[in-house]
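Here the structure is laid out as structure tokens; the discussion comes afterwards.
The values are calculated or read from the model by the stated rules, or taken from the named source; none is laboratory data. It should be emphasised that the depicted structure is a prediction, and the values quoted were computed from it without experimental measurement. Quick reminder, even Gly has a Cβ in these numbers, built from the backbone with ideal geometry, and neighbours come from all protein chains shown.
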Amino acid sequence: MAAMIARWFPASERSTAAGIYTSGNQLASSIGVVIASSLCRTHFLNGWPLIFYLDGLIGFIWLFLLVKFATNTPQESTFLSSTEKDYLYDKNGKHHTTFSERKAIGEKLPLSRMLLSTAVMAVVITQFSFNLTNTLLATYLPTYMRDIMYLNLQENGFYTALPFFVQLLSKYSLSILADVLKSKGILSHTASAKAFQILTNIGTAIACIILALFVNCSRTILLSLVLTLYGFAMGAVIPGCFTATLSIAPSYAGMITSFTLTAGAIGNACAPALVAFVVREGQSSEWAVVYIIVAIVNLSAGLFFAFFGKADVQPWAKKTIPQIQTTQIVPEGLEKPTITLTFSDGTEISRL
């Protein structure tokens, strides 16, 4: 998906595109939970199996739409006009070819330069911090609400869904804002990604510190504000490192995304390991340690991205397939024309 987005959307529109195609995460965490609980209470087909039937049905619908409408590049689409194809080629195609096209002319995958790139390291580290934080809150927030905040089931459900609902609204609004700022030239692509990623990491760290030091069972209003702050800050990750992942090497966006997803999977695994290691008795002091550790991870990731994060195409990803222009000139007194081949890099070759 990331590789397709990099070829289908100009750099100034990728934040909005990323906000849309990742919104299923928040929809599943908020609306999906409500639908699943409602299906469990029905008697038709024993209730709970309907959840898996619905998941399978949605998967088949998605697969049909993908096969019917999706293409690897805009030039392969039958649903775009020639004007739209020319626009996307002008914005992306001249510089961001697919790896198969590069391989056809003898280019090799710049794997070593990719792995040693600080821009790639920055998105990998921030993806780890995002998944660690998101998994911790999504998985263990209900337990924290029950054991520390002493909330009933209905209140627990409300507070658990609150940050994800806010995150859904935040990611849309901030992604659109980022693209507007970039299209108007107010912020460069890198400055925009850094600003919003710092907002994500700093905002999340502040929320975790407040949860650790100031929230207790008598401060539910403060809890609401903290969870709202957390959801708002986490939404900024889309115009932050998610957009940077799509932009630093569009031709290799799929591979870079695989790096970030691997780091994210490690973050997902570290969240329950951290809770199991620290929270032994279920005391508020133990949860405070967990939140402080997560805050430190976010601050460190935000600092690294502030120094090394990029959202511009990196030098090792800028090579293009030469475009050839043929010119015929018939000198006076000669019967055969002179044919000049002009390459996109400025090289000219003349032949009679």
- Query: Is it the case that the range 247-256 has a residue that's assigned to a helix (DSSP H, G or I), within 30 Å of Trp8 (Cα to Cα) and in contact with a Phe, Trp or Tyr (Cβ under 7 Å, 6 or more places away or on another chain)?
  - Reply: yes
- Any chance Ser300 is assigned by TED's automatic domain parsing to the domain that holds Tyr144, under 39 Å from the mean Cα position of the chain (by Cα), at pLDDT below 90 and surrounded by 14 or more Cβ atoms within 10 Å (Cβ to Cβ): no
- Among the residues of the range 178-189 satisfying the criterion of being surrounded by 14 or more Cβ atoms within 10 Å (Cβ to Cβ) and under 13 Å from Thr243 (Cα atoms), which is farthest from the chain's Cα centre (by Cα)? Lys182
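Listed here are the residues, each with its yes/no results for (1) of a type outside the set (Phe, Trp, Tyr); (2) in a helix (DSSP H, G or I); (3) at pLDDT 85 or above.
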| position | (1), (2), (3) |
| --- | --- |
| Leu66 | yes, yes, yes |
| Asp90 | yes, yes, no |
| Glu107 | yes, no, no |
| Ala122 | yes, yes, yes |
| Leu141 | yes, yes, yes |
| Gly157 | yes, yes, no |
| Tyr172 | no, yes, yes |
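Got a number for residues in the range 263-296 being polar (S, T, N, Q), free of Cβ contacts under 8 Å to residues at least 24 places away in the same chain and part of a helix (DSSP H, G or I)?
Residues that pass the stated criteria total 1.
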- Item | Whichever residue in the range 110-121 is in contact (Cβ under 8 Å) with a residue 40 or more places away in the chain and of a type in the set (S, T, N, Q) and, among such residues, is surrounded by the most Cβ atoms within 10 Å (Cβ to Cβ) | Ser117
- For the range 136-146, indicate whether the set of residues that are of a type in the set (A, V, I, L, M), crowded, with 18+ Cβ neighbours inside 10 Å, closer than 19 Å to Val289 by Cβ and out of contact with any helix residue (DSSP H, G or I) (no Cβ under 6 Å at 6 or more places or on another chain) is non-empty. yes
- Query: Can you name the number of the only condition in (1) outside any helix (DSSP H, G or I); (2) of a type outside the set (Phe, Trp, Tyr); (3) modelled with pLDDT of 75 or more; (4) more than 30 Å from Ile266 (Cα to Cα) that Thr97 fails?
  - Reply: (3)
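Run down Phe196, Phe259 and say which single residue is hydrophobic (A, V, I, L, M, F, W, C), in contact with a Pro (Cβ under 7 Å, 6 or more places away or on another chain) and in a helix (DSSP H, G or I). Outline the logic, then answer.
On the way: Phe259 fails: in contact with a Pro (Cβ under 7 Å, 6 or more places away or on another chain).
After applying the criteria, what remains is Phe196.
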- Please give the number of the condition Val124 fails out of (1) surrounded by fewer than 18 Cβ atoms within 10 Å (Cβ to Cβ); (2) hydrophobic (A, V, I, L, M, F, W, C); (3) within 15 Å of the chain's Cα centre (by Cα). (1)
- Task: Only residues that are touching a Phe, Trp or Tyr at 6+ places or on another chain (Cβ under 8 Å) and either surrounded by 13 or more Cβ atoms within 10 Å (Cβ to Cβ) or not assigned by TED's automatic domain parsing to the domain that holds Gly157 (or both): list them for the range 36-72, please.
- Result: Leu39, Cys40, Leu50
